[in-house]
Amino acid sequence: MFNRIINTQGFWKSVISLGIAFVLLFIIFKWFIDGYKFAFFLEGEPTIKVIGIIAAGFVYGFFVTYGKFWGKYKKENRHDS
C-alpha cells in the first residue's frame, strides 16, 4: 500500500504544498511570538535552522498527505468489498 500511495498522481505535489504552508505559518507565528523581530534566525547557525525548518515542513507534509491518501484508499476498498 505504501508504494501505491506515494506513486499516486498528486501525492508529491500535495507534500510540497503542505510543507511550504507549514514553513510559512511557522515563520509567521515565530515572528509574531518574537515581537516582530527575526532574531530567531540570527541566533546560532541560521543555515542549520533554515534546513531544519524545511525538513520539518517536508516531514509534516509527507505524514499529513500520506494519511489523507491512506484514508481515501481505505474508504475506496471498503466500498469495493
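So the values come out like this:
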{"item": "In order through region 29-41: 3J(HN,Hα) via Karplus (6.51 cos²θ - 1.76 cosθ + 1.60), integer Hz, x for Gly, Pro", "result": "5, 5, 4, 5, 5, 7, x, 6, 10, 9, 4, 3, 7"}
{"item": "Per-residue ³J(HN,Hα) for region 46-58, Karplus 6.51 cos²θ - 1.76 cosθ + 1.60, θ = phi - 60°, Hz, x for Gly and Pro", "result": "x, 4, 5, 5, 5, 4, x, 5, 5, 4, 5, x, 5"}
{"item": "Ranked by how many other beta carbons lie within 10 Å on average, peptides 32-45, 6-19 from highest", "result": "6-19, 32-45"}
{"item": "Whole-Å semi-axes of region 2-80's equivalent ellipsoid (Cα gyration tensor)", "result": "34, 12, 8"}
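Readers should treat all values here as calculations from the given coordinates under stated rules, not as data from a laboratory. Note that the coordinates shown come from a computational prediction; the quantities given were computed from them, not determined experimentally. Backbone-built Cβ (ideal geometry, glycine too); neighbour counts: all protein chains shown.
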